[in-house]
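Read the structure below first, then the notes.
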Amino acid sequence: MTPDEFRTYGHELVDWMADYMANVDTLPVKPDIPPRAIIDQLPAAPPDTPEPFPRIFDDFRSIILPGMTHWQHPSFFAYFPANSSPPSVLGEMLTATLGAQCMSWATSPAATELEQRVMEWLRSMIGLPASFTGVIQDTASTATLCAILTAREQRSGFAVNERGFSPDERYTVYCSLEAHSSVEKAVKIAGIGREYLRKIPVDAAYAMDPPALETAIAADIRSGLTPLCVVAAIGTTGSTALDPLPAIVAICRRHRVWLHCDAAFAGNALILPECRWIAKDIGSADSIVFNPHKWMLTNFDCSAYFVRDAGALVRTFEILPEYLKTPEGDRVNNYRDWGIQLGRRFRALKLWFVIRSYGVSGLQAVLRNHIAMAQTLASTMRSMPDFELLAPAPLNVICFRYAPPSVTDAAALDALNAKLHALLNADGTMFLTHTKLAGRYTLRLVIGQTNVRQSHVDAAWARIVSTARSLAE
Ligand SMILES: *Cc1c(COP(=O)(O)O)cnc(C)c1O
């Protein structure tokens, strides 16, 4: 592709992107296609000779686009959002254009120093003390793995990295029954072993029960095991349940256990001073992760990881082969030593564009509006005799089911709600996902998409009510 062709197609693509953003609400949120619908349209072999860009772009529109789930659709109420925004996309375009590999300061000084500054901004935006240092990771899963690996190294005096596990020391890790699967994955990868992950019972609000945590830790110590790390969820994936940090902090202190806070989604709400109650004492944690790529208008991927002891993190991961040695020494951060992979994308750029374009007050206004819409809908549901909230809704995630007084059998209620769920998602006008809470089929409605307005929430709710009531007839 010549520079002139790039310019022409680039302009065409930006026009397409702007149209997409303006009109995404007219597309089905989710495609209604069977498995293999896309792959069967793609040639089995790559082209041997060059193909013109217009033909590639045509295929993008005719083959790929109809098979996409539109995460930026304002009626996307599923999972957690992976929301984006125009300034974020522009930042991502420049990241791709620069194509820099930001593994060390020397390989792109501006990328390193911007990341350092933007993470300081983010730290103050969420009210963390300046004793924390931030680094951008790809995902919360990676950050949680980094936390467990760092805890392991610190606890073993950095011996596991050198010699592997000692046969007479066994570590245990703790999280609640409602914790994200990434904790279990990290425990497996870190060599702790899944049998040594303790899933602590939860209370009626699906939050970790601190006395049960204390009991589990004490039992493990009596058995000669070494409690290593507690992962507290600030906003579980199922229902945004909030593990009670002050009690957990006290237990971790008493037993010298690393405390990692997984605030992947709800941590974004900490930019709102009125929401800081969700993570009281978070400044006493050893590490914290939250995802601007979920709810801070920054397109996937961008995960913010904060640690109290950056030295321990770097000591866990640092490597220094001859070909990576540079003369700057301690005066710069070499982020290759702050996580797992060597190569790193320039992710700070899009975050910088987003924070500057919206301003902190602009981002706060977006999140506040999401929470307000969700709180209004939750109280509407509470007031209706045939709908039931199945968990507290502290922020913008509503867990509910349709429960007409005529249906009392647990299995029948599950079947009714599974049917309702399938009907709601069937025509592509909205997209909800589900979970199980205390064994009950639970619909989850998350109001956090960048472009969601009251009208989308109203339309979704009207459809939920009418579809549900038509089922009961
Ligand atoms: C989404 C989520 C994760 C995983 O996030 P990734 O960035 O996709 O790895 C972890 N924990 C919680 C609580 C989550 O909601």
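The values are calculated or read from the model by the stated rules, or taken from the named source; none is laboratory data. Keep in mind the model is a prediction, meaning the values are calculated, not measured. Backbone-built Cβ (ideal geometry, glycine too); neighbour counts: all protein chains shown. Only protein heavy atoms, including side chains, enter the accessible area calculation; ligands, DNA and RNA are left aside. Shrake-Rupley method; radii C 1.70, N 1.55, O 1.52, S 1.80 Å.
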With respect to PHE300, determine if the residue is at pLDDT 95 or above, aromatic (Phe, Trp, Tyr) and more than 16 Å from the ligand (Cβ to nearest atom).
-> no
Selection from the range 273-298 of residues in a loop (DSSP other than H, G, I, E, B) and either free of Cβ contacts under 8 Å to residues at least 40 places away in the same chain or surrounded by fewer than 21 Cβ atoms within 10 Å (Cβ to Cβ) (or both) yields LYS280, ASP281
Mind checking which residues of the range 1-53 are within 30 Å of PHE431 (Cα to Cα), surrounded by 10 or more Cβ atoms within 10 Å (Cβ to Cβ) and among the hydroxyl-bearing types (Ser, Thr, Tyr)?
-> TYR20
Residue ID - farthest from THR240 (Cα to Cα), chosen from residues in the range 173-204 that are buried (at least 17 other Cβ atoms within 10 Å of the Cβ) and among the polar types (S, T, N, Q) = SER182
Go through the range 118-219 and tell me which helices (runs of 4 or more DSSP H), entirely inside it, have 3 or more residues that are more than 16 Å from the ligand (Cβ to nearest atom).
-> 140-155, 159-163
Got at least one residue in the range 230-250 being part of a strand (DSSP E or B), of a type in the set (Ser, Thr, Tyr) and modelled with pLDDT of 95 or more?
-> no
Of all residues making up the range 316-356, the number that are part of a helix (DSSP H, G or I), basic (Lys, Arg) and open to solvent by less than 70 Å² (accessible area, probe 1.4 Å) = 2
Could you list, in sequence order, the residues of the range 205-217 that are open to solvent by less than 30 Å² (accessible area, probe 1.4 Å) and small (Gly, Ala, Ser)?
-> ALA207, ALA212, ALA216
Condition broken by ARG194, with the remaining ones in (1) more than 30 Å from SER239 (Cα to Cα); (2) without any contact (Cβ under 8 Å) to a residue 12 or more places away in the chain satisfied | (1)
Identify the residue in the range 79-112 that is part of a loop (DSSP other than H, G, I, E, B) and under 21 Å from PHE6 (Cα atoms) and, among all such residues, is least open to solvent (accessible area, probe 1.4 Å).
-> ALA100
Got a sec? Which of LEU270, LEU313 is within 16 Å of the ligand (Cβ to nearest atom) and surrounded by 20 or more Cβ atoms within 10 Å (Cβ to Cβ)?
-> LEU270
In the range 226-246, how many are farther than 19 Å from LEU437 by Cα, among the aliphatic types (A, V, I, L, M) and either within 15 Å of the ligand (Cβ to nearest atom) or surrounded by fewer than 16 Cβ atoms within 10 Å (Cβ to Cβ) (or both)?
-> 3
May I ask you to list the residues in the range 247-263 that are within 16 Å of the ligand (Cβ to nearest atom) and open to solvent by 10 Å² or more (accessible area, probe 1.4 Å)?
-> ASP262
Only unsatisfied item for SER124, checking (1) out of contact with any Phe, Trp or Tyr (no Cβ under 8 Å at 6 or more places or on another chain); (2) among the hydroxyl-bearing types (Ser, Thr, Tyr); (3) closer than 29 Å to LEU13 by Cβ, is (3)
Sort out which residues of the range 387-430 are of a type in the set (Phe, Trp, Tyr) and buried (at least 21 other Cβ atoms within 10 Å of the Cβ), and write them in order of number.
-> PHE400, TYR402
